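Remarks on the structure that follows.
The values are calculated or read from the model by the stated rules, or taken from the named source; none is laboratory data. Not measured: the values here are computed from a predicted model. With ideal geometry, Cβ positions are generated from the backbone for all residues, glycine too; neighbour counts draw on all protein chains shown. What goes into the accessible areas is simple: the full protein's heavy atoms, side chains included, and nothing from ligands, DNA or RNA. Shrake-Rupley method; radii C 1.70, N 1.55, O 1.52, S 1.80 Å.
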Amino acid sequence: MSVSSGGPGEEESYSSRMASWNRGRLIGQKPPLKLCEVWAIRIRLQPQERLRDLAMFNLAIDSKLRGCDLVALRVDDVLLSGRVRPRTTVLQKKTGTPVQFEITEQTRETVLQWMACSGRRPGDYLFPSRIGRNKPLTTRHYARLMDRWVTSVGLDPALYGTHSLRRTKVALIYRRTGNLRAVQLLLGHTKLESTVRYLGIEVDDALAISEQVDI
């Protein structure tokens, strides 16, 4: 019995049927949002029917968590005695190490409002899937929400991703303080080199120094 190995035509046909996961997107580090862009998105998410998105957006910026860790948050991770904690600690899925983060007052308010109107209870996922109460929102759905948020303020979704939210606050902290060790702790990185690469600060700092030198 002979087995066809397939020719160029078959390969092209297969390629045309399969859409690449990164089609139409730029690969590489996604830039953080600017402060004005953060507030512009918050304004777009103010309506009551978008309360979940506002709570998720605010918490993503405060927590600086990867998408897989953000969607895995449960009510117990942020709630204590009926109040949203000002600080909490979660175990990172990627590294298996704990990371602590702050929850600012405006984020606490929106998260508490979201839990109240959605009936979230201890043990529940904070941001559940539409499929069922006992399943979290998927990272893919989170990425689609991010696309909508940035598009709503006129930004190109191909340039931004969920890591843009993870980087937003730490990028601002580094620019204001230059404290790389603080940024490392906030991101939960085990190695300082990882933080340097993540922020791209070697390139930024080198360019800043170069711009100050006239020849």
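Residue by residue, here is whether (1) open to solvent by 10 Å² or more (accessible area, probe 1.4 Å); (2) modelled with pLDDT under 95; (3) of a type in the set (Gly, Ala, Ser); (4) under 21 Å from Ile173 (Cα atoms) holds:
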residue	(1), (2), (3), (4)
Gln48	yes, yes, no, no
Asp53	yes, no, no, no
Asn58	no, no, no, yes
Ala72	yes, no, yes, no
Val84	yes, no, no, no
Lys94	yes, yes, no, no
Gln100	yes, yes, no, yes
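Looking at segment 102-122 only, could you name the residues that are more than 25 Å from Val170 (Cα to Cα) and in contact with a Lys or Arg (Cβ under 6 Å, 6 or more places away or on another chain)?
So the first thing to find is which residues in segment 102-122 are more than 25 Å from Val170 (Cα to Cα), and the list is 113-122.
Trp114, the sole residue that qualifies.
For segment 51-81, which residues satisfy the criterion of being over 14 Å from Tyr142 (Cα atoms) and touching a helix residue (DSSP H, G or I) at 6+ places or on another chain (Cβ under 9 Å)?
Across segment 51-81, the qualifying residues are Leu51, Asp62, Ser63, Lys64, Val75, Val78, Leu79.
Hey, does segment 92-101 have a residue that's among the hydroxyl-bearing types (Ser, Thr, Tyr) and touching a Pro at 6+ places or on another chain (Cβ under 9 Å)?
Within segment 92-101, none of the residues are among the hydroxyl-bearing types (Ser, Thr, Tyr) and touching a Pro at 6+ places or on another chain (Cβ under 9 Å).
Output the number of the condition that Thr110 fails; it satisfies all remaining conditions of (1) hydroxyl-bearing (Ser, Thr, Tyr); (2) assigned to a loop (DSSP other than H, G, I, E, B); (3) open to solvent by less than 40 Å² (accessible area, probe 1.4 Å).
(2)
Out of (1) polar (S, T, N, Q); (2) in a loop (DSSP other than H, G, I, E, B); (3) in contact (Cβ under 8 Å) with a residue 60 or more places away in the chain, the odd one out for Asn134 is which?
That leaves (3) as the condition not met.
Filter segment 45-70 down to residues that are of a type in the set (A, V, I, L, M, F, W, C) and farther than 19 Å from Leu33 by Cβ and give me whichever is farthest from the chain's Cα centre (by Cα).
Per the stated criteria, the residue is Leu51.
Exactly one of (1) in contact with a strand residue (DSSP E or B) (Cβ under 8 Å, 6 or more places away or on another chain); (2) over 14 Å from Thr168 (Cα atoms) is unmet by Asp62. Its number?
(2)
In segment 117-138, which residues are over 22 Å from Arg44 (Cβ atoms) and surrounded by fewer than 17 Cβ atoms within 10 Å (Cβ to Cβ)?
Selection gives Gly119, Arg121, Pro122, Gly123, Ser129, Ile131, Gly132, Arg133, Asn134, Lys135, Thr138.
Please go through segment 153-172 and pick out each residue that is open to solvent by less than 40 Å² (accessible area, probe 1.4 Å), over 22 Å from Leu73 (Cβ atoms) and not in a loop (DSSP other than H, G, I, E, B).
Ala171
Modelled with pLDDT of 95 or more, within 25 Å of Lys30 (Cα to Cα) and not β-branched (Val, Ile, Thr) - does that describe any residue in segment 115-132?
yes
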